[in-house]
Amino acid sequence: MGRYAEIGTDEFVVSDHSLGGDASQKRDNMDRFVDEVVIHLQNRFGS
């Protein structure tokens, strides 16, 4: 995702169906995505 940010992409869509089956699992997976991916992009490119 860093490469996309480097070329100027400023949005990334995470499809609902790719996060899991039920609402709890989807929330857990989105939280994990934020903790493991988004935070690094914010640190690298700003928020």
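Quick note: the coordinates plus some simple rules give every number you see, no bench work behind them. This one's a predicted model, so the numbers in the text were calculated from it and none came from an experiment. Quick reminder, even Gly has a Cβ in these numbers, built from the backbone with ideal geometry, and neighbours come from all protein chains shown.
Here is how the numbers come out for the structure above:
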{"quantity": "Peptide ranges 15-24, 33-42 listed from the most packed, as the mean C-beta count within 10 angstrom indicates", "calculated": "33-42, 15-24"}
{"quantity": "Helix 23-33 vs. the chain, principal-axis angle (Cα, 0 to 90°, nearest 10)", "calculated": "20"}
{"quantity": "Separation in nanometres of the label points that stand 7 Å from Cα toward Cβ, at residue 6 and residue 24", "calculated": "4.1"}
{"quantity": "Qualifying trypsin sites (Lys or Arg not before Pro) for the chain [loop in DSSP, other Cβ within 10 Å: at most 15]", "calculated": "none"}
